[in-house]
There are 2 protein chains.
Amino acid sequence: MSVAPVSFAASIAADWGTSNLRVFALDDTGKVIAEAASDKGMGKLTPPDYEPALLALISGWLDPNRVTPVLVCGMAGARQGWIEAAYRAVPCTPVGGPFARPKVESPLIDVFIVPGLSQAEPADVMRGEETQIAGVLAGRPDFEGVICLPGTHSKWAVVHGGRVERFLTLMTGELFALLSTQSVLRHGMPGEETDEDAFAAAVRKTVVAPTDFAASLFRLRAEGLLANLSPAAARSRLSGLLIGLEMAAARALWQDEKTLVVGTGMLARLYGRALMLLGADAELVSGEAMALAGLAEAFKGFGKETA
Amino acid sequence: MSVAPVSFAASIAADWGTSNLRVFALDDTGKVIAEAASDKGMGKLTPPDYEPALLALISGWLDPNRVTPVLVCGMAGARQGWIEAAYRAVPCTPVGGPFARPKVESPLIDVFIVPGLSQAEPADVMRGEETQIAGVLAGRPDFEGVICLPGTHSKWAVVHGGRVERFLTLMTGELFALLSTQSVLRHGMPGEETDEDAFAAAVRKTVVAPTDFAASLFRLRAEGLLANLSPAAARSRLSGLLIGLEMAAARALWQDEKTLVVGTGMLARLYGRALMLLGADAELVSGEAMALAGLAEAFKGFGKETA
C-alpha cells in the first residue's frame, strides 16, 4: 500500500530485508513525508523482480521532471539479491560508498545499495545492521562503546570515533528457533508463557560455567518427563542458556564498555536484562526506525559519496 | 520380510526404535535362528498398531502349542509408544524388571517391554541404550569405566560392578543435523566430504576454550563468503566444534576412566578420534547387534524377573 505525499520525494530510503521491503519518502531536510511497505523481501525475488517491486511502492512519489535517488540497505545487496554490494572492511564508518548501482529501466530513479561490513580476522560479515548502527550514531554522534543488535543473528559492534572497529556475530536467535520448534525439546515448550526467574538463573549459571551448556539442553527434556518442568520454565531456561552462552562469548566486548542494546520487543528486553544481571553498563535503546535514521544520515553526505 | 526358522522360536527379541522394528528368533540357548525387520517404528504407530506390526514379522516363528515370550527394548516403551515402561532409577543394572506388559489379542505371545533408566539429579533419561549397555557388558562382564554411545542423543554411562552408576545425555547429533541442514550454515556445506584436520583442530580448540564455541558458528558462514572455506572443512569444523563441546561437558566422565565408544560408522569413529586426540583411554567397540545381545542376556534371568 502506498500513500501519495503532499509533494514529491526529494529522496527515497528503502530498508530491503529478507522478508519485507519498507520504503520512506524524504523531503529535502530528510524528514519522512510518506512511507509504504510490502512483503517483497529478498527471499522471494530474483534480480528482474526488484525494480517492479520497488516501483510498485514509490511510483506516486517520483517527480516526473527529475531523477530521484533511492538509497537501499539490507539483503537486497547480498550475493543472492538484486546486485551484490561488496563489503567494506572494518575499521570504517558504518555506512559509506562505494554504493552498488543496479541497472534500472525507469528514467526517474537512481538506485544506490549500501555495502555491508566485513572483518577479515576473525572472519565476520554484516549486511543491514551497519545502517542501523549509523542510525544509532546519528542520534548519539559521540557514542563510544559497544552496540548490540539482537536478532536471528545478533551483532556486537565496537564503536569508537564514529567508526566500527570490530564486530562479532552470534547465531543465538536461530539456535533458539531451531531448538524450540524443531528439536526434541519442542515437546516441553508449547505456548508463549515465560518465566523470568528461570531465564535469570540460566543466564547466570551459563556465564559462570559455559561448559555446562551442552549438558543442560537435554536436561530440559528429562525434567519435563520426570519432574513436570513447566513449558514456561523450559522455554525461558532454554533462552537463558543460549543468551548466557552468548554473553560468555561476548564478555570481552561488554565487560569494560558502555553497551547499547538496540531493538524493540521481547528479544531486546531479554538481552538488556541479561547484561544488567551480569553487572554490565548497559542501556536499552529503541530500535524503531534505526535503519531509516541511518539511511537519512547517509543521504547528508551523499553528493560526495556517489561522485 | 520374515523368514521361517528351522524350528519354532524359544523366545523372541525385538529392538523397537522410533524408525524401525527389528526382531530375532532365539533358540533355547539364546542363539539367533531367524531375524526380520520392518519400518514400523514407534514414530509411525498408535497403540492398536503395535501387535499387528509385531505379528506381521513373527507369526511364522510361533509354536502353536505354547506361549512364546517376546522381549522388547526401545521406544515402544515410551509414553507415546505401545505402553509406557516406567523408568528404573540409577544406580541399577542396565536391564531388569518390572517389565511393562501390553495387553495382546494373540494367545501365542506374552510381550515384555524393557524399562528405560532415569536419573533424578541431574535429571536424565534413556530408553533403548540401557539394553545396548547390557549387551556390551554381556561380552565384558568385568568392565569398569564409561560407556559412550554416540547418536542423535549421545549417552555417557558410568559403569561399576555391572551397574549403571550415573549417566549423561548430550544432543550433539541433533544439533549437528539442525545446524548443517536447517540453519544459515547449510549454504556452506553441501556434499558429504570431510576434512580430518579441520575436525581435529576444532575439537582441540573447543575443549581448551569452550566459551569460543558460540562465536565460532557464524564464522563458518563468514569464512565461506570471505575466504572460500571449503564445504568439507566447514562441515568437519562444525562437527569438531560440537563434539569438542560435548567432550568438554563430559570431561569429568572420560578424564580418569577407561572409555568404550560403542557404535559403527562415521559417528562412532569421530567420537573415538576426538577422545584419542584428547589423550583419553578410549577404545572403539563395534555396536553391531548390541541391543540383541542385551535382550539375549536379559532372557537368561527371565523366569525370576517376570515372576
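The values are calculated or read from the model by the stated rules, or taken from the named source; none is laboratory data. Because the structure is predicted, anything quoted here is derived from the model rather than measured. Here the Cβ positions follow ideal geometry from the backbone for every residue, glycine too, while neighbour counts run over all protein chains shown.
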Exercise for the section: Residue by residue through region B:82-127, note down the ones that are crowded, with 22+ Cβ neighbours inside 10 Å, touching a Leu at 6+ places or on another chain (Cβ under 6 Å) and over 26 Å from B:Glu144 (Cα atoms). Expected result: B:Phe112
Handout entry: Residue identified as within 12 Å of chain B (Cβ to nearest Cβ) and touching a Leu at 6+ places or on another chain (Cβ under 6 Å) among A:Ala227, A:Ala234
Key = A:Ala234
Completion exercise
Given (1) touching a Gly at 6+ places or on another chain (Cβ under 9 Å); (2) in a loop (DSSP other than H, G, I, E, B); (3) within 14 Å of another protein chain (Cβ to nearest Cβ), A:Phe143 misses just (3)
Exercise for the section: State yes or no: is A:Lys155 away from chain B (no Cβ under 14 Å) and charged (D, E, K, R)? Expected result: no
Practice task
Give region A:178-204 a look and list any residue that's under 16 Å from A:Glu246 (Cα atoms) and either more than 11 Å from chain B (Cβ to nearest Cβ) or loosely packed, with under 15 Cβ neighbours inside 10 Å (or both), or say none.
Solution key: A:Phe199, A:Ala200, A:Ala201, A:Ala202, A:Val203, A:Arg204
Exercise for the section: Might you let me know whether region B:225-235 holds any residue that is within 30 Å of A:Ala86 (Cβ to Cβ), surrounded by fewer than 20 Cβ atoms within 10 Å (Cβ to Cβ) and touching a helix residue (DSSP H, G or I) at 6+ places or on another chain (Cβ under 8 Å)? Expected result: yes
Exercise for the section: List every residue pair whose Cβ atoms lie under 8 Å apart, where the two residues are 6 or more positions apart in sequence or sit on different chains, the first residue falls within region B:60-88 and is over 21 Å from B:Pro48 (Cβ atoms) and acidic (Asp, Glu), and the second residue, located anywhere, is at pLDDT 95 or above and in a loop (DSSP other than H, G, I, E, B). Expected result: B:Asp63/B:Phe8; B:Asp63/B:Ala9; B:Asp63/B:Leu108
Completion exercise
Picked from region A:237-265 (must be more than 12 Å from chain B (Cβ to nearest Cβ) and free of Cβ contacts under 8 Å to residues at least 12 places away in the same chain), the residue nearest to A:Arg186 (Cα to Cα) is A:Gly265
